[in-house]
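Read through the structure below, which is laid out as structure tokens, and then see the notes.
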Amino acid sequence: MTSVEITEYRIEHLRDRLAREETAVLGVRVETHGARVVVRGWVPDEQCRSAVLRLAGEELAGLDWYDDLTVSHPAPPDRAEELS
Amino acid sequence: MIRVAAVGDIHLGPDSAGLLRPAFDTLGTCADVLLLAGDLTRHGTPEEARVVAAEVAGLPVPVVAVLGNHDYQSDREQDVTRELRAAGVHVLDGEGIALDLAGTRVGIAGTKGFCGGFAGRSGSEFGEPEMKAFIRHSRRCAEALGRALGELGGAACALRIALTHFAPVPDTLAGEPREIYPFLGSYLLAEAMDEQGADLAVHGHAHLGTEHGMTAGGIRVRNVAMPVIDRAFAVYHLPVDGDAPPVPDGHTGSRPG
């Protein structure tokens, strides 16, 4: 098996691209879950989500992978915390 | 009572214009100040910084910010700072500012901070030049934060807040992989806060962490990374000496000076 085929190296290559390319995300986790790879975490908007999925599709091609991404919908708070 | 709004890790890009403004426009009714805990941009470009600046320009409350690691990515942090300051944002880099908020003098000390790890599991300023420089940067950020808090203490501030991007305690990292804790913060920040005193510490950076934590000396710590608080900003009500005590809820606590 070559390094190109080893899943953990491919995961790190994806994480490296997620950080360096237009997405600039460090907080998205990419890890094996059973026999599959999961891409999960928070992204600031739909454009970023699309870019993350595109990069994942490129780097994880041929692997069984799925995503569980959350897109930000920033609303004003409905409460405050009282610090006594 | 002072109402502190805070958020970090908003990660605005060129397509984000207007995303947060509707929520920020409500600040006048619920807060006295807005703190931005770094990672305001994605790549740290002036273009992205202008988007951030437009989101906070002309708000009815003062805005105080520190930069985060993303804001350094393009080696344009000075330009990012300049864009934010042009919009009236107080950008702190190892310094403090005293603001008169609702008749109370409130001091805010800010630094990006850096990583290195937490007590018992931290790096040392030892060995290769790269390793020494890594830890030295963290130490210098913490020292500057401590100096700023000390100066604010001497400036008759009724309340003092420590604003950082990196985390001062591991409590608020719960949810992150433990293996990366040393890249998420440094105990040196908490040590500086505990030595000089603060009423609240606010940070970001750890998207998978939790909101609530506390330093060993008892200072409340809040991780306000937007993915953590899951709203445009969090609001904390800080009592000022002389305020009526809150309705008892069965808990007791003390506030370090």
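Just so it is clear, none of the values below were taken in a lab; they were calculated from the coordinates. Every value quoted in this text rests on a predicted model; they were computed, and no experiment measured them. Using ideal geometry, Cβ is built from the backbone for each residue, glycine included, and neighbour counts are taken over all protein chains shown.
Rounded to the nearest 20 debye, what is the charge dipole size of chain A about its Cα centre when +1 sits on each Lys and Arg Cβ and -1 on each Asp and Glu Cβ? Can you show the working numbers first?
Details: 10 positive and 17 negative charges, 24 e Å.
Dipole about the Cα centre, nearest 20: 120 debye.
Relative contact order for chain A: what is it in percent, counting Cα pairs under 8 Å that are at least 6 residues apart?
Values: 91 pairs, mean separation 23.3, N = 84.
In percent, rounded to a whole number, it is 28.
Among B:H205, B:G96, B:F183, whose Cα lies farthest out toward the positive end of the dipole of chain B, if unit charges sit on the beta carbon of Lys, Arg (+1) and Asp, Glu (-1)?
Result: B:G96, furthest along the dipole toward the positive end.
Which one of A:A24, A:L83, A:T7 has its Cα pushed farthest toward the positive end of the charge dipole of chain A, where Lys and Arg give +1 and Asp and Glu give -1 at the Cβ?
Selected residue: A:T7.
Which one, B:L20, B:S74, B:C30, projects farthest toward the positive side of the charge dipole computed for segment B:3-76 from Cβ point charges (K/R +1, D/E -1)?
About the Cα centre, the residue reaching furthest to the positive side is B:C30.
How large is the convex hull of the C-alpha atoms of the protein assembly as shown per residue, in Å³?
That works out to 148 Å³ per residue.
Based on the alpha-carbon gyration tensor of segment B:1-147 and its eigenvalue square roots a ≥ b ≥ c, which shape applies: rounded if a/c is under 1.5, prolate if not and a/b is larger than b/c, or oblate? Present the calculation step by step, with values, prior to reporting the outcome.
Working: a/c = 2.37, a/b = 1.45, b/c = 1.63.
Oblate, because a/c is 1.5 or more while a/b does not exceed b/c.
Over the Cα atoms of segment A:7-71, what is the Rg over Rh ratio if Rh follows Kirkwood?
Working: Rg = 10.5 Å, Rh = 11.5 Å.
With Rh from the inverse mean 1/r over Cα pairs, Rg/Rh is 0.92.
Would you mind checking the tilt of helix A:7-20 against the longest principal axis of the Cα atoms of chain A, expressed as 0 to 90 degrees and rounded to 10?
Roughly 50 degrees, rounded to the nearest 10.
Grab the DSSP H runs of chain B that are 4 residues or longer, score each as -39,500 (n - 2.57), total them, divide by all residues and round the 222 nm result to the nearest 500 deg cm²/dmol.
Numbers: 7 runs with 68 residues, N = 257.
Calculated at 222 nm, the ellipticity per residue is -7500 deg cm²/dmol.
Please report, in debye to the nearest 20, how large the charge dipole of the protein assembly as shown is about its Cα centre when each Lys and Arg carries +1 at its beta carbon and each Asp and Glu carries -1 there.
Working: 31 positive and 50 negative charges, 81 e Å.
Dipole size: approximately 400 debye.
Take every DSSP beta bridge with both residues inside chain B and express the antiparallel ones as a percent of the total, to the nearest 5. Could the numbers behind the result be given before it?
Numbers: 17 of 44 bridges.
If we restrict to bridges inside chain B, about 40 percent are antiparallel.
Among residues other than A:G62 whose Cβ falls under 12 Å from its Cβ, what is the net charge (Lys/Arg +1, Asp/Glu -1)?
On the way: positive: A:R10; negative: A:E5, A:E58, A:E59, A:D64.
Net of charged neighbours comes to -3.
How large is the dipole of segment B:2-238 about the Cα centre if only Lys and Arg carry +1 and Asp and Glu carry -1, each at its Cβ, rounded to the nearest 20 debye? Walk me through the numbers before you get to the answer.
Numbers: 20 positive and 30 negative charges, 69 e Å.
Roughly 340 debye, rounded to the nearest 20.
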